[in-house]
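Quick notes on the structure that follows.
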Amino acid sequence: MTFNFLIAPDFAPERFAGWHMLNTTLQRRSGIGLHLLTPASAHEQAELLAGSQVDLVYANPFDATEMVRSQGYVPFARPAKHYDEMVIASGAASGRSCVEDLKPGCRIALADNRDVKLIGLRLLEPADLTEDNIQWVPVDSYQAAARLAIKGEVDAAFFLAEAFASFTRMTRSQLQVLVQSAISDISHVLLAHPRIAAQQSAVASALLSLGQTAGDSEVLDALGLPDGFEPMTQEEAEFMIDLMDTLLD
């Protein structure tokens with residue numbers, strides 16, 4: 001039997017091969033068939049999840065909150081020493097240097113990533129900016145957000161910090177970071193549906209052992225997760241969910 005393994009659509013494009021390498025490695029070591037699902041957008045991800053055919057998920061913290069609480073998914077691992085931070089940046093030619101330089105009515109480019117938006121709104125509080133007094137400019141990718149900021153077509157853009165760091169040196173040189181979060185308690189999460197409880201331990205064992213065998217570093221480097229994965233308990237997941245609730249308040 002083959003299980004569906006869905007990856008949240010917010011990873012940098014150059015990590016695509018890494019997820020396929022991981023999927024192949026997990027299948028070989030666990031003896032369990034895994035079909036990798038890489039939705040191109042949050043909307044496509046939602047459609048796949050609504051179909052109730054997703055067995056394993058690498059979810060962003062916002063989606064993980066909903067999946068654990070409402071759909072019964074069980075957390076079992078997370079990236080080690082790798083947290084979901086975000087960056088707010090303007091075009092380097094804009095003259096802005098901090099979030100206080102952004103004013104009500106400003107235009108902000110945003111990819112469809114709810115945890116990035118949630119954290120970003122907290123970071124904008126010193127500028128007296130709220131969700132309602134910002135003109136949001138939806139984009140399909142962080143690369144598109146960067147292009148708009150560089151061209152001055154938006155006043156700022158929200159980025160997942162990992163995506164921002166993956167930009168070329170030329171692209172980063174044309175952007176001015178206004179602020180970067182440093183929460184260090186929020187991360188993506190590996191979740192398993194209860195229907196695969198009998199197979200979860202084999203997948204978890206294969207995942208958590210990455211880094212102990214020659215050649216594993218190639219897979220982890222391709223993922224941008226050099227420290228591999230660590231176990232995540234239900235209690236640790238609940239702590240993160242409570243933190244997400246605090247950010248929502």
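Where a number appears in this text, it was derived from the coordinates with a stated rule and is not lab data. As the structure is a computational prediction, the values presented were derived from the model and not from experiment. Cβ: placed from backbone, ideal geometry, glycine included. Neighbour counts: every protein chain shown.
Starting at the first residue of the range 58-72, write each ³J(HN,Hα) from the Karplus equation 6.51 cos²θ - 1.76 cosθ + 1.60 with θ = phi - 60°, in whole Hz, x for Gly and Pro.
Calculated HN-Hα couplings, in order: 9, 10, 6, x, 5, 5, 4, 4, 5, 5, 6, 6, 9, 10, x Hz.
Sum -39500 (n - 2.57) across every DSSP H segment of at least 4 residues in the chain, then divide by the residue count to get the 222 nm mean residue ellipticity, nearest 500.
Details: 10 runs with 101 residues, N = 249.
After summing the helix terms and dividing by residue count, I get -12000 deg cm²/dmol.
Can you spot the aspartates and glutamates whose alpha carbon is less than 18 Å from Lys103's alpha carbon? Ignore those fewer than 8 places along the same chain.
Within the straight-line limit of under 18 Å, Lys103 reaches these aspartates and glutamates: Glu125, Asp128, Glu131, Asp132, Glu153, Asp155.
By DSSP, what percent of the beta bridges with both residues in the chain are antiparallel, rounded to the nearest 5?
55
For the range 209-221, in order, what is each residue's ³J(HN,Hα) by Karplus, 6.51 cos²θ - 1.76 cosθ + 1.60 with θ = phi - 60°, in whole Hz (x at glycine and Pro)?
Per-residue couplings from phi come out as 8, 4, x, 9, 10, 4, x, 5, 4, 5, 5, 5, 5 Hz.
Can you list the residues, at least 5 places off or on another chain, whose amide H is less than 5 Å from the amide H of Leu36, using H built in the peptide plane?
Sorted by chain and number, the residues that satisfy this are Phe5.
Which value in nm describes the separation of the simple spin-label points at Gln53 and Asp140, placed 7 Å from the Cα toward the beta carbon?
Each label point is offset 7 Å from its Cα along the Cβ direction, giving 2.4 nm.
Give me the percent relative contact order of the chain, please, defined on Cα pairs under 8 angstrom at least 6 residues apart.
31
Please compute the modelled spin-label separation between Glu238 and Thr213, points set 7 Å along Cα→Cβ, answer in nm with one decimal.
A separation of 3.5 nm, rounded to one decimal place.
What list of ³J(HN,Hα) couplings, whole Hz, do you get for the range 41-50 from phi and the Karplus terms 6.51, -1.76, 1.60, once you set θ to phi - 60° and write x for glycine and proline?
Ordered by residue, 3J(HN,Hα) equals 8, 5, 5, 5, 4, 4, 5, 5, 5, 5 Hz.
Between Asp245 and Thr24, what length comes free when the chain is fully extended (0.36 nm per residue of separation minus the Cα-Cα distance, one decimal in nm)?
Working it through step by step, the gained length comes to 76.0 nm.
Do you know the relative contact order of the range 86-180, to the nearest whole percent, from alpha carbon pairs under 8 angstrom that are 6+ apart?
That works out to 50 percent.
Ratio of Rg to Rh for the range 86-180, alpha carbon only, Kirkwood?
Taking Rh as the inverse mean 1/r over Cα pairs, Rg/Rh reads 0.91.
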